[in-house]
Amino acid sequence: MSASGGGKAILAAFLANMGIALAKLIAWALSGSASMLAEAIHSVADSGNQLLLMLGGRRARRAADRQHPFGHGRERFVYAFVVSIILFSVGGMFAVYEGVQKLIHPHEIDRAWWWLPLAVLVVSIALESFSLRTAIKESNHVRPKGQSWVSFIRRAKAPELPIVLLEDTGALTGLLFALLGVGLTLITHNPVFDALGTLMIGLLLVAIAIVLGIETKSLLVGEGASDADHDRIVDAILDGDEVEKLIHIKTLYLGPDELLVAAKIGLPSDKTVRAASDDIDVIERRIRAAVPAARVIYLEPDVYRPSLDPSPSTDAFVLRSAD
């Protein structure tokens, strides 16, 4: 997996979730806490999600073939979308169902094992904090300086790090909900608090899954370059004296680390084919230097005719974003 895929963060999250899931299942089996069951299912779902992210990263590295001439980079988007569905269904909806059932049919926590859920939750918080710390550290390697975390999650083209960040943040918040529910139940002897904690965990996971689903759907449909990268590409094309007019340009992410650039450029009418070919090579080098992710570039030379200039609605955002 590429650096942008956050392999260390995914592995750290997987190892933490596997250990946490086992501890929570044992605590649920002995104490009967609904919050512990919801948290255990949450951790199991997260562990499966990390495996899917690693599988998606591995499949995305396959070489291009006749059926997939642009490679398999977008498989990472597909698996990220599957993760959001699993988090919604297996994690969120199950916890909501369990919370509602425990509200209707309250179940007292086994007093003989009252300390076990609390101990497991405290240890889980420590492990999830370590996993989140790793995810933040890995994200800072690729997060532009000054960019907010919300913007990073919304704009990142590599889906793995935003998913791990949201999962770990959601896991820590869910653990606090569980700790609150179990603690209040033990203090008041009222199992309703345990059920409410379970319900809050479920609603939290549903909210996170919806955010992930929206963001990964956008990547699956096809996103172009960011405004900043778009401007750099336009500048790279126009910086020299080769091009009279950038007629139109389109960009598309073929994968998190691979950007397609297609543009029609107006060249002087008296330029020879050999000279036009040399100019295109120079422009391509400038584009790749400005935006390294622009690995697939198609430049169509044309003679610029002002009378045939496309309207702004079809100009494919040639103008810089600052204009």
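Since every read-out is calculated from the coordinates, none of them should be taken as a lab result. These figures come from a predicted structure and were not determined experimentally. Cβ placement follows ideal geometry from the backbone for every residue including glycine, while neighbour counts extend to all protein chains displayed.
Key figures for this structure:
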read-out: Highest-first arrangement of 42-53, 172-183, where packing means the average Cβ count within 10 Å; value: 42-53, 172-183
read-out: Pairs of Lys in the chain closer than 28 Å at Cα, counting only those 8 or more apart or on different chains; value: 21
read-out: Approximate spin-label separation Met93-Ser277, in nm, with each point projected 7 Å along Cα-to-Cβ; value: 5.8 nm
read-out: Fraction of antiparallel bridges per DSSP, the chain only, in percent to nearest 5; value: 50 percent
read-out: Tensor-based shape of the range 91-137 (alpha-carbon gyration tensor, a/c under 1.5 rounded, otherwise prolate or oblate); value: oblate
read-out: The range 1-65: equivalent-ellipsoid semi-axes (sqrt of 5 x gyration tensor eigenvalues, Cα, Å); value: 32, 10, 7
read-out: Mean Cβ neighbour count within 10 Å, used as a protection proxy, ranking 146-153, 157-164 highest first; value: 157-164, 146-153
read-out: Normalised contact order of the range 227-314, rounded percent, pairs of Cα under 8 Å and 6 or more residues apart; value: 34 percent
read-out: Shape of the range 159-206, Cα gyration tensor, a/c cut at 1.5; value: prolate
read-out: FRET E, pair Val296, Ile214, Förster distance 22 Å, beta-carbon r, rounded to 0.05; value: 0.25
read-out: Gain in span if fully extended, Lys8 to Ile26, counting 0.36 nm per residue against the direct Cα distance; value: 3.7 nm
read-out: Amide N proximity, the range 67-101 versus Leu55 label position 7 Å along Cα-to-Cβ, cut-off under 12 Å; value: 79-80, 82-83
read-out: Whole-number percent relative contact order across the range 3-221, with pairs defined as alpha carbons under 8 Å at least 6 apart; value: 33 percent
read-out: Longest to shortest principal axis, alpha-carbon extents of the chain, angstrom; value: 91, 38, 34
read-out: Cα shape, the range 227-314, gyration tensor, a/c 1.5 rule; value: oblate
read-out: Virtual spin-label span in nm between Trp113 and Leu15, 7 Å along Cα→Cβ; value: 2.8 nm
read-out: For the range 160-240, radius of gyration divided by Kirkwood radius, i.e. Rg to Rh on alpha-carbons; value: 1.35
read-out: Kyte-Doolittle mean at least 0.5 and Cα axial length at least 27 Å: DSSP H helices in the chain; value: 7-31, 115-142, 160-188, 192-221
read-out: Two-site label geometry, Leu203 and Val123: point separation in nm, points 7 Å out along Cα→Cβ; value: 3.1 nm
